[in-house]
Amino acid sequence: MGLSSANTVVNEGFQLCVFDLRRGQQEGQELDKILFFHPADLPFSTQLSVIGLSEGLITFTRLFKGIAFVSCRIFSPEAACEVIEAEKHSHVFHQAEQDIWMVMVVDKSKESDAIWRIDALRRVLKEVHSLFVMFHGSIRSLLDKEPSGGLVRPHLYNFIMDYLSAFHKRSPWDICCCDFLVGKKIKLPSFRDCLKERGTVQMLTVGREAALEVQSLVRVLESCAGNTPCYSLVLFQDLLVSTTLSPDDTINLFTYAVLRLAPHALLSRASSWSYLRKGNSASQIAAASVLASSGPVSEQFYGSRDTSPHGGEHSHHVVRPLQLNKWYKGTDGFLVTDIWGPEVGIMVSATPTVWLQQTDEKMYLCVYQHKSLTLILLFPISSILNGEQGLSVVKQQIVENASLKMLKVEEKLSKGWGGENAYHVGGYRYLLVDGDRNVSRASPPGKVTTLTKVNIDPAEEGFAKRNKSKGTNQLESLISLSNLREEVDLEKSREIWDDPGHDKDLEICIRAKNNAWVIARTTRGKELYMVLEKANETLLFASDAVEKFSNRYCSGAFSLD
Amino acid sequence: MFGKASSSQLSVSLGGSGALSHVYIQHPPLRCSIPGSKGLFYDDGNKLILSATSDQVFSWKTVPFASHAAPTSDSISEGPVLSIRYSLDSKFLAIQRSNHEIQFWDRETGETFSQTYRSETESILGFFWTDCPKCDIVIVKTSGMELFSYDPESKSLHLVETKRMNVSWYVYTHESRLILLASGMQCKSFTGFQLSSAGIIRLPKFEMAMAKSEANNKPVLAAEDVHIITVYGRIYCLQVDRIAMLLHPYRFYRDAVVQQGSLPIYSNKIAISVVDNVLLVHQVDAKVVILYDIFADSRAPISAPLPLLLRGFPKASSSSSRTGSKDTDSSEANDMSDHETIIYGDNWIFLVPDLICDVANRLLWKIHLDLEAISASSSEVPSVLDFLQRRKLEANKAKQLCLVVVRTVILERRPVSMVTRAIDVLVTSYSNSIKTGSYFKGIKSEKAPTPSVSSMNISTSVVDESIRREDALGKSIKHGSSSGVENESLNRSPDFPVSDPEENVRLENSNDHHSLGTKADTENFTAGETSQSEVQKLSSQSQLVGPSSSPLNASISENLESQAISASISPDEMYSFVFASVEEEMAGDPAYFVAIVVEFLRSCNVERIKVHPNIYVLTIQLLARHERYAELGLFIINKILEPSKEVALQLLESGRQNIQTRKLGLDMLRQLSLHHDYVLLLVQDGYYLEALRYARKNKVTTVRPSLFLEAAFVSADPQHLAAVLRFFSDFIPGFKNTADHTTYCRILNEMNSSIAA
């Protein structure tokens, strides 16, 4: 355990646990509750105390159904708590499933990076759980399958660790999909990401003609499967173009696709299949080192303590869909992975499968990629006869019938695409969220960073040079926006409590330091956040700016008066 | 009404002939037997069938084709008759008396004069009248071609021009205005002229290909081996190569003659007909006919060779009638001689373009296409539709067939790709007809007032009368094909239930169209005459033209005329006769149907055709019914379903179960600037404050204040109610004196006092 002390330092300020309230109710069996704990090398007593506290709070707040607790936000009829702010920590709660809770404990510190928005943290919890369910089914079902927890623990452990460790970095400026594990420190979404909304999809804006072509392609794909129902998701770069899935499933698959399947996600490893087959890439080593460092304990808890029939058999296969660099492009255009393979190294790998929330059905996941175009197709396992063979027939059909259309669509979309900064609006740094459709659009990350930095590029329009002496204030606007969003979140949850089903209009304009306007507008389920730096000081200017933006880019949704 | 219409359309297809044939002749034929007749002649300039006795000429009009047509007669002097032709204005009658003499009658005055040649070295091969501005009549002799004009002063012919050359024989058709003069040992060198109203065009000399049978035996091309045909306004010449058993089509351009592939033949005797731009190659010995649609590059026949069918012959089966009908005692059958129905008998002469003359029995048959049979014979739906869309003669029938075909393939859930191609065909055809304006012509006549059913018979006779009237005016060339169409539809009418409103509309159309015809057609005619360039533009849209060569056009007027009604199907008709009816019958998963609709929209978008919102509404209903709201949202956001008030209202309706969809509808109303509806709906949803703000901003004053007040009252918030009251008091002059104001002031007071208490 020599390393563990170092590790505690490393992971200081961050704990994440998953526990089941139904388990370990008897004295001496409390450990049974814990399904996952990070960092794993914390002494069990510490782990238990964290969980105990959380459990206590949950039970306690449940007693007060309907009554607002000091700092407990009550948001659902269940009246469970969302967050508890202590002096040094914030406890963020997420009830993933009935009686299964995820709790994230983050340290409050004076460091500016540690300014986060609770809702953003909760969305992390939500996301990791949704993805987990998509790949493995619900935690409860895994528990039911293996009441000892021998199945769910390794799954959770691998999955969450992959999730935390493996978010790879896209570009130096891109803090959206930041890796949570920078170096050895888990980096949580901070105020820097307040112009981002996790758990939403980003859509490509297409013209009618292109949209019709895309739909035509989608229908052809559907028909390739014959009579089997088929769902599809079409992405261009990492933007959604079309979906036939329910909103929740769309979000999950979209998230996964952006993380692992989109062209840029594959790009990093280009055609290095042979190199990959050796099994280790740099990032995996990094991840592995974290795992290794917590080795003894995790081994003990997640492996050896396993009392299942498979007891002690560590090697039983745990599918790790979030592992990095495991997808590569096959010769037929379909993406292939060995993640689902029965054994690593066998050439014919099993086809990936996912669970659909909408139908609660297990589906084959097929991904086809042509240049920037990614097609994700889902076929119900039950309706494809002969398993893999049947699937390969369908795949062949797709290549035969649809490849011409795909070429056409790809060409059309790339012609119409404005590039990485297509959705940049000069002078604005914005986030637009459509809560009804779970769609968001934001200023490109590269542009948002110009807010946080001393101006690198003097030519950068709209945002004139920042005074370097005001260095401390450089992050001011984003921090203000982050705080403002916190307020809006609070207001929103109150609204849900007050009058469910009735959206309220909300408009807040704050004059921040740096001559900046920080603005939040919500109306009928849509939210708009923006930062206008170096802006005129009159409020009229601010509301004009919103009006203009609304008319141009939101078809007037925010210009109601 | 739709249901009714569709059922009648189905009966069209099902009620089609069960016999295996694609082409038929309809009994009864036109009987042109006159006692003492010396022979039958065909005047293709005036489309008359002529029968000459020793002192009279009887003529029957073949257009419109009617079996009961009565002949008109002219007296002539006695003598041999080699051929007879009326002048195009019907004022003169010309009779070729011998190889050296042609005699002319002025029908008004009865005066005669003759054109005679004394030379022994040359003889007259034939003559024809022309509407070429330079001359009135062309006489073809072995020594060349002479062009004459009639000089009313001297009452004689005046030689305009002579084209000297050796001529073995010639072929001419009036519809193409093209004359081909054959010369040479094998008679395979040709000189061509087009003598159209635009002037004389001399075609380049060309040779026809002839296969050699043996080394020294050179076959000679005969006049009956060369056929000039006109399809889609293009002129072709078909040459029969008996040795190679091939039929060579040559296409005529102003500056070139191009051979375009060759068609196999299976008989030593070949006859050619053209019905509604479809080429019929009668394999006379084999007693079958092969159909070609020389539109695309493909030279494949439309369908397999099948016999010609005699339809409507009063016997149980037409096949037995071929062998004779001695044992029938029905008076009708006795009426006819038993050998008159021999199909492809030796007595048959095929007249341009679509008539068959049974010389021995003095009968004239008109050839018809059996569109139902043709469309039923092929499983290649897109090409069938393509074929049907090009049919002009029975445009309405073709249109109904197209609708039936499309509906069937959708109901049968044929592969989307195939249905897509079928839809593309229809949409492209519609787009073309819009561009050429023919669709609107059809519409115009369809929009004609529709009197009651009982007027049908009366108006039928009106048609006949007007035709006769036109005859008298001598515009007989003109009304040719248009009245052909009408006649067709009239003939067809017994097939349809009389109660069917659609049919009545159609019948009335034709009448209306026709009674207008005399005047309008003349206008068309002159317009067509003067602006050839325009016509070329029209026809070039449907042609595959070599870049440099401008194609020769056939008779301009006919070209215009034939486009009057087109088989193209508008998106509205697609909706009501295909999508709406199909959707009713298709239960279950909407994926297939949505796929078809998407393809239809895509196709329309490519052709830039506007689609009526009802198809969008239908799609929304369908998606909403199957709770595919995510896709629905995508369709709306990407404007695949274009915004309109109908769409917005349907979204609101379908959004009762799905708030997101409802919001899409609201947003659409706002984006369409339908302020009143938007405000009203906001109030209904309880967003009365937002509604007020919006109303003030967009100056909506049409929503009653009481609605806002009521909504505010329901929300039980006295502050809001007060705000709303105040708003109206401030912005609506005189509001304080209304009953609403007093009522809600009282309510507000009550609310306040109850809170205070």
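Within the stretch B:275-294, take every residue that is touching an Asp or Glu at 6+ places or on another chain (Cβ under 8 Å) and open to solvent by 10 Å² or more (accessible area, probe 1.4 Å) and give me the one that is farthest from B:GLY233 (Cα to Cα).
B:ASP276
How many of the residues in the stretch A:214-249 are outside any loop (DSSP other than H, G, I, E, B) and farther than 21 Å from A:GLU410 by Cα?
Number satisfying all stated conditions: 3.
Kindly check whether there is at least one residue in the stretch B:126-137 that is modelled with pLDDT under 85, part of a loop (DSSP other than H, G, I, E, B) and not aliphatic (A, V, I, L, M).
no
Which one is nearest to the other protein chains (Cβ to nearest Cβ), of the residues in the stretch B:641-662 that are in a helix (DSSP H, G or I) and open to solvent by 20 Å² or more (accessible area, probe 1.4 Å)?
The extreme case among them is B:GLN660.
I'd like to know if the stretch B:629-637 contains one or more residues that are out of contact with any Leu (no Cβ under 8 Å at 6 or more places or on another chain), more than 21 Å from B:ARG670 (Cα to Cα) and in a helix (DSSP H, G or I).
No - not one qualifying residue is present in the stretch B:629-637.
For the stretch A:351-373, how many residues are at pLDDT below 85, open to solvent by less than 30 Å² (accessible area, probe 1.4 Å) and either under 17 Å from A:LEU240 (Cβ atoms) or among the hydrophobic types (A, V, I, L, M, F, W, C) (or both)?
Qualifying residue count for the region: 0.
Looking at A:VAL433, A:VAL448, A:VAL409 in this structure, which one is open to solvent by less than 20 Å² (accessible area, probe 1.4 Å), modelled with pLDDT under 85 and touching a strand residue (DSSP E or B) at 6+ places or on another chain (Cβ under 7 Å)?
A:VAL448
Looking for whichever is among the small types (Gly, Ala, Ser), over 27 Å from B:ALA691 (Cα atoms) and in contact (Cβ under 8 Å) with a residue 24 or more places away in the chain here; the options are A:SER543, A:SER477. Which one fits?
One residue alone meets the criteria, A:SER477.
Within the stretch A:235-251, how many residues turn out to be more than 10 Å from chain B (Cβ to nearest Cβ) and either aromatic (Phe, Trp, Tyr) or open to solvent by less than 10 Å² (accessible area, probe 1.4 Å) (or both)?
Residues in the stretch A:235-251 being more than 10 Å from chain B (Cβ to nearest Cβ) and either aromatic (Phe, Trp, Tyr) or open to solvent by less than 10 Å² (accessible area, probe 1.4 Å) (or both): 2 in total.
Checking A:VAL258 against (1) away from chain B (no Cβ under 11 Å); (2) more than 15 Å from A:THR359 (Cα to Cα); (3) buried (at least 23 other Cβ atoms within 10 Å of the Cβ), which test does it fail?
(3)
For B:SER431, indicate whether it is among the polar types (S, T, N, Q), in a helix (DSSP H, G or I) and without any contact (Cβ under 8 Å) to a residue 60 or more places away in the chain.
For B:SER431, the condition - among the polar types (S, T, N, Q), in a helix (DSSP H, G or I) and without any contact (Cβ under 8 Å) to a residue 60 or more places away in the chain - is not met.
Counting only residues that are within 32 Å of the chain's Cα centre (by Cα) and of a type in the set (A, V, I, L, M), which one in the stretch A:393-406 is most open to solvent (accessible area, probe 1.4 Å)?
Only one residue fits best here, namely A:VAL399.
Please verify whether the stretch A:136-156 includes one or more residues that are modelled with pLDDT under 90, open to solvent by 30 Å² or more (accessible area, probe 1.4 Å) and more than 28 Å from A:MET363 (Cα to Cα).
No: zero hits.
Output the strands (runs of 3 or more DSSP E) that fall wholly within the stretch A:502-561 and possess 3 or more residues being over 23 Å from B:GLY686 (Cα atoms) and either within 14 Å of chain B (Cβ to nearest Cβ) or open to solvent by 30 Å² or more (accessible area, probe 1.4 Å) (or both), or say none.
Fully inside the stretch A:502-561 and qualifying: A:506-512.
Can we say A:SER308 is at pLDDT below 80, touching a strand residue (DSSP E or B) at 6+ places or on another chain (Cβ under 8 Å) and either under 25 Å from A:THR244 (Cβ atoms) or in a loop (DSSP other than H, G, I, E, B) (or both)?
So A:SER308 fails the test.
Need pairs with beta-carbon distance below 8 Å; first residue among the charged types (D, E, K, R) and within the stretch A:136-150, second part of a helix (DSSP H, G or I); sequence gap 6+ or separate chains.
So the pair list comes out as A:GLU146/A:VAL152.
Quick one: in the stretch B:362-389, which of the residues that are surrounded by fewer than 20 Cβ atoms within 10 Å (Cβ to Cβ) and of a type in the set (S, T, N, Q) is farthest from the chain's Cα centre (by Cα)?
Top of the filtered list is B:SER379.
Out of the residues in the stretch B:580-596 meeting the condition of being touching an Asp or Glu at 6+ places or on another chain (Cβ under 9 Å) and among the hydrophobic types (A, V, I, L, M, F, W, C), tell me which one is farthest from the other protein chains (Cβ to nearest Cβ).
So, considering only residues that are touching an Asp or Glu at 6+ places or on another chain (Cβ under 9 Å) and among the hydrophobic types (A, V, I, L, M, F, W, C), the one farthest from the other protein chains (Cβ to nearest Cβ) is B:PHE593.
All but one of (1) touching a helix residue (DSSP H, G or I) at 6+ places or on another chain (Cβ under 7 Å); (2) more than 26 Å from A:THR255 (Cβ to Cβ); (3) at pLDDT 85 or above; (4) of a type in the set (D, E, K, R) hold for A:ASP119, so report the exception by its number.
The failed condition is (2).
I need a count of the residues in the stretch A:415-430 that are open to solvent by 50 Å² or more (accessible area, probe 1.4 Å) and not in a loop (DSSP other than H, G, I, E, B).
Summing the residues that are open to solvent by 50 Å² or more (accessible area, probe 1.4 Å) and not in a loop (DSSP other than H, G, I, E, B) in the stretch A:415-430 gives 2.
Name the single residue, out of those in the stretch A:213-226 being closer than 22 Å to A:VAL393 by Cβ and facing chain B (nearest Cβ under 9 Å), that is most open to solvent (accessible area, probe 1.4 Å).
Checking each candidate, the answer is A:SER223.
Does A:LEU413 count as free of Cβ contacts under 8 Å to residues at least 40 places away in the same chain, within 13 Å of chain B (Cβ to nearest Cβ) and aliphatic (A, V, I, L, M)?
no
If A:GLU12 passes every condition in (1) surrounded by 14 or more Cβ atoms within 10 Å (Cβ to Cβ); (2) assigned to a loop (DSSP other than H, G, I, E, B); (3) modelled with pLDDT under 80 but one, which one does it miss?
That leaves (1) as the condition not met.
Take the residues of the stretch B:609-636 that are within 10 Å of chain A (Cβ to nearest Cβ) and among the charged types (D, E, K, R): which is surrounded by the fewest Cβ atoms within 10 Å (Cβ to Cβ)?
Result: B:GLU627.
Considering each residue of the stretch A:197-211, count those that are facing chain B (nearest Cβ under 9 Å) and either farther than 11 Å from A:SER242 by Cβ or at pLDDT below 85 (or both), and give that number.
Total satisfying the criteria: 4.
Looking at (1) of a type in the set (Lys, Arg); (2) within 14 Å of chain A (Cβ to nearest Cβ); (3) over 30 Å from B:ARG625 (Cα atoms), find the lone condition where B:ARG704 falls short.
(2)
For the stretch B:708-730, check the following and say yes or no: at least one residue is outside any helix (DSSP H, G or I), modelled with pLDDT under 85 and polar (S, T, N, Q).
Yes, there is a match, as at least one residue in the stretch B:708-730 is outside any helix (DSSP H, G or I), modelled with pLDDT under 85 and polar (S, T, N, Q).
Return the pairs, sorted by first residue and then second, in which the second residue is crowded, with 17+ Cβ neighbours inside 10 Å, the first residue lies in the stretch B:258-274 and is among the basic types (Lys, Arg), the beta carbons are less than 9 Å apart, and the residues are 6+ apart or on different chains.
That search, which allows pairs on different chains as well, returns B:LYS269/B:HIS282; B:LYS269/B:GLN283; B:LYS269/B:VAL284; B:LYS269/B:TYR344.
The values are calculated or read from the model by the stated rules, or taken from the named source; none is laboratory data. All of these numbers come straight from a predicted model, not from anything done at the bench. Glycine gets a Cβ as well: all are built from the backbone with ideal geometry, and neighbour counts include every protein chain shown. Side chains included, ligands, DNA and RNA excluded: accessible areas come from the protein's heavy atoms. Shrake-Rupley method; radii C 1.70, N 1.55, O 1.52, S 1.80 Å.
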